[in-house]
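The values are calculated or read from the model by the stated rules, or taken from the named source; none is laboratory data. Note that the structure is predicted; figures quoted are calculated from it, not measured. Here Cβ is always computed from backbone atoms with ideal geometry, including for glycine, and neighbour counts include all displayed protein chains. Ligands, DNA and RNA are stripped out before the accessible areas are found, and what is left, the full protein with its side chains, is counted by its heavy atoms. Shrake-Rupley method; radii C 1.70, N 1.55, O 1.52, S 1.80 Å.
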Amino acid sequence: MSLLAPTSQVCSWTQALDDPASLATYVANGGYQALRRVVTEQMPGDAIIAELKTSALRGRGGAGFPTGLKWSFMPRAFPGDKYIVCNSDEGEPGTFKDRDILRYNPHQLIEGMAIAGYVLGAKVGYNYIHGEIFEIYDIFERALKEAREAGYLGDNLFGTDFCFQLHAHHGYGAYICGEETALLESIEGKKGQPRFKPPFPASFGLYGKPTTINNTETLASVPWIMQHGGQAFLELGKPNNGGAKLFSISGHVNKPGNYEVPLGTPFSELLQMAGGVRSGHQLKAVIPGGSSAPVLPAGIMMDCTMDFDSIAKAGSMLGSGAVIVMDETVCMVRALERLSYFYFEESCGQCTPCREGTGWMYRVIHRIEHGQGRPEDMDLLNSVAGHIGGHTICALGDAAAMPVQSFLKHFGHEFEHHIEHKRCMV
Amino acid sequence: MANPDLNSLRLSAESLALIDAEVAKYPSEQKQSAVMAALRIAQTECGWLKPELIEYVADYLEMPAIAAYEVATFYNMYDTQPVGRHKITVCTNLPCALMGANEIAGHLRQKLGIGFGETTEDGRFTLKEGECMGACGDAPMCLHNNHAMHTHLTPEKMDELLDKLK
């Protein structure tokens, strides 16, 4: 089950091996061969981008933007510094897949970033790692050291004139830094407050230089695509949704964890892999793509396949692939109260609709949960959410609004019951 | 130096070496990029970031003190108030809550006799409510002093951990 074998495991194949994070394990199984070939054969960047476009690899961090297209935005031929940045600031509630790539397969990410550096004309890369996983940051630093000593990072790689250095940057507790321009501010040693776009990072990124930012899983998929070809990756998944993807399953299942399956896998199969809903209980609702994605009731979710298009059609988002499973014991008012507190706590404070609106939403949901709701509160919540979404610099505003709108849409009766009877119906 | 307290304040040679290694990651004219790591290293050595320590770090990185304050107060894991010897941060976000985090938090509150954001009278423990740590599949979980993650917690496992932390 190596990188050489085209199995459905793009990123998680090392987990079955001894010492999965080590350079020796990675190299013994075909690791760094794609980088060596790309660099020594001086493969044209355009050809690599074309391969990525064929693969239909879409960003694994949440937005699902086509990776080949994103890379094509970089002014690759422009002289001067350019950067490739990896977003491992994984703090979207429910998401814990990049952590496993960093701790079990760090070299595939390093190789992917080096290939990206080659294509995009970046001599330096940074991997921004979530603050709360310091032990994982340590593992990645050790992997970087191994790669440098073995000549996979540094100057004149494989005897060519290609130079690429990679560093890890450790966050320290700010959800907003998962937003790409906040992340750049953070690397620059500032508060993580998102920038206005345009200009986009491809023209004005880190230190004002052209920069491409991709998610960990996205970049780690690149060596696989260069080994097996874009077509093989595409065929793993389905049209417009190439490849396999890691799904993080948490909540009320018997076996929470990460499961890598082809895009297009029925949700019911994925749920089975995670051991099904915890024994003796029934599925009530699922948040299919991280806490910001709209919640879906069990009936709708059971008809979905796990890919960007199917989940979007059902009215939600595949997002980061974080599947939060809730059974019939969950009070949806209480669940939304906790999520709303999170966005209130993590709003960077820069835009008024988000800074003030997240607080209003939390306080209104809090009073409904605590038996002090008013009949007009549901309209009020929808109104506040509507005034946040689309009115802020970054997507945190939308991320805060979407759970509120979707919980009210699908589970409004629970909120009404809370307001009317001053207590929970669950 | 403007602040006389800075004269008596120094970080250990080990900490300064760690900060220097961080500075080396960034372009030479971008020393400020190392401020997050430098504040983390300073906090690890000194327990919490008192204003003089933040100024010291800013001075070391040749950046305005106010810019370092901004960073220290923006990111959740920096402590700009004194904390106990052992800071326990429990994630109570939705995935963790579904998997028993509130029971763990309740157990800790009862056992330590303090709420979130409080420190025991003997200065041994501080309890904090955390946000998503990116490890939801291993919930419930906590962080000890920001860097050591303990997962799959039960009240019994929590007790064992507390007993070890003197």
Handout entry: Residues located in region B:90-100, provided they are in contact with a Cys (Cβ under 6 Å, 6 or more places away or on another chain) and either within 11 Å of chain A (Cβ to nearest Cβ) or more than 19 Å from A:S340 (Cα to Cα) (or both)
Key = B:N93, B:P95
Practice task
Restricting attention to region A:292-312, report how many residues are open to solvent by less than 20 Å² (accessible area, probe 1.4 Å) and either part of a strand (DSSP E or B) or of a type in the set (D, E, K, R) (or both).
Solution key: 3
Exercise for the section: Tell me, yes or no, whether region B:71-85 has at least one residue that is in contact with a Cys (Cβ under 6 Å, 6 or more places away or on another chain), within 14 Å of chain A (Cβ to nearest Cβ) and open to solvent by less than 30 Å² (accessible area, probe 1.4 Å). Expected result: no
Practice task
Considering only region B:22-36, state which residues are surrounded by fewer than 21 Cβ atoms within 10 Å (Cβ to Cβ) and within 10 Å of chain A (Cβ to nearest Cβ).
Solution key: B:A24, B:K25, B:P27, B:E29, B:Q30, B:K31
Fill in the blank from the handout: Checked region B:126-138 for anything more than 18 Å from B:Y75 (Cβ to Cβ) and open to solvent by 10 Å² or more (accessible area, probe 1.4 Å); matches are B:D138
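Return the total of residues in region A:255-277 being aliphatic (A, V, I, L, M), over 18 Å from A:Q15 (Cβ atoms) and open to solvent by 10 Å² or more (accessible area, probe 1.4 Å). I'd like the intermediate steps shown before the answer.
Initial filter on region A:255-277 (aliphatic (A, V, I, L, M)): A:261, A:263, A:270-271, A:273-274, A:277.
Okay, now just the ones that are also over 18 Å from A:Q15 (Cβ atoms), so A:263, A:271, A:277.
Narrowing further to those that are open to solvent by 10 Å² or more (accessible area, probe 1.4 Å): A:271, A:277.
Qualifying residue count, region A:255-277: 2.
Would you pick out the residues in region A:207-254 that are of a type in the set (D, E, K, R), surrounded by fewer than 23 Cβ atoms within 10 Å (Cβ to Cβ) and part of a helix (DSSP H, G or I)? So that I can check it myself, show each step before the final result.
Of all residues in region A:207-254, those of a type in the set (D, E, K, R) come to A:209, A:217, A:235, A:238, A:245.
Those still in the list that are surrounded by fewer than 23 Cβ atoms within 10 Å (Cβ to Cβ) too: A:209, A:235, A:238.
Listed by number, the list holds a single entry, A:E235.
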Fill in the blank from the handout: Exactly one of A:A385, A:A395, A:A399 is out of contact with any His (no Cβ under 8 Å at 6 or more places or on another chain), in contact (Cβ under 8 Å) with a residue 24 or more places away in the chain, surrounded by fewer than 21 Cβ atoms within 10 Å (Cβ to Cβ) and among the small types (G, A, S), and that residue is A:A395
Exercise for the section: Return the only residue of B:M77, B:M141, B:M63, B:M149 being modelled with pLDDT of 95 or more and over 29 Å from A:D100 (Cβ atoms). Expected result: B:M63
Practice task
Could you check, for region A:309-331, whether at least one of its residues is among the small types (G, A, S) and closer than 18 Å to A:V426 by Cβ?
Solution key: no
Exercise for the section: Within region A:312-333, identify whether any single residue is of a type in the set (D, E, K, R), over 22 Å from B:A97 (Cα atoms) and touching a residue at least 60 places away in the same chain (Cβ under 8 Å), and answer yes or no. Expected result: no
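Within region A:313-339, can you find the residues that are in a helix (DSSP H, G or I), facing chain B (nearest Cβ under 10 Å) and open to solvent by less than 10 Å² (accessible area, probe 1.4 Å)? Lay out the reasoning, then the answer.
Initially, region A:313-339 is screened for residues in a helix (DSSP H, G or I), giving A:313, A:332-339.
Right, trim to facing chain B (nearest Cβ under 10 Å) and you get A:334-339.
Matches in region A:313-339: A:A335, A:L336, A:L339.
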Handout entry: So A:Y83, is it of a type in the set (F, W, Y), more than 14 Å from chain B (Cβ to nearest Cβ) and buried (at least 22 other Cβ atoms within 10 Å of the Cβ)
Key = no
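Scan the helices (runs of 4 or more DSSP H) fully inside region A:95-195 and keep the ones with 1 or more residues being open to solvent by 30 Å² or more (accessible area, probe 1.4 Å), more than 11 Å from chain B (Cβ to nearest Cβ) and of a type outside the set (D, E). So that I can check it myself, show each step before the final result.
Numbers: elements: A:97-104, A:106-120, A:134-149, A:180-187.
Correct list: A:97-104, A:106-120, A:134-149.
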Completion exercise
Apart from one, (1) free of Cβ contacts under 8 Å to residues at least 24 places away in the same chain; (2) surrounded by fewer than 18 Cβ atoms within 10 Å (Cβ to Cβ); (3) at the interface with chain A (Cβ under 10 Å from one of its Cβ atoms); (4) of a type in the set (A, V, I, L, M) all hold for B:I66; the odd one out is (3)
Problem - region A:196-205, residues that are within 14 Å of chain B (Cβ to nearest Cβ) and hydroxyl-bearing (S, T, Y) - result: none
Practice task
Determine whether A:L380 is in contact (Cβ under 8 Å) with a residue 12 or more places away in the chain and either open to solvent by less than 40 Å² (accessible area, probe 1.4 Å) or within 14 Å of another protein chain (Cβ to nearest Cβ) (or both).
Solution key: no
Exercise for the section: Look at region A:32-80 and say how many of its residues are among the β-branched types (V, I, T) and closer than 16 Å to A:T211 by Cβ. Expected result: 1
Exercise for the section: Looking only at region B:109-123, decide whether some residue is within 19 Å of the chain's Cα centre (by Cα), within 11 Å of another protein chain (Cβ to nearest Cβ) and either open to solvent by 50 Å² or more (accessible area, probe 1.4 Å) or at pLDDT below 95 (or both). Expected result: no
Practice task
Give the residues of region B:37-56 that are open to solvent by less than 50 Å² (accessible area, probe 1.4 Å) and within 16 Å of the chain's Cα centre (by Cα), sorted by residue number.
Solution key: B:A37, B:A38, B:L39, B:R40, B:I41, B:A42, B:Q43, B:G47, B:L49, B:L53, B:I54
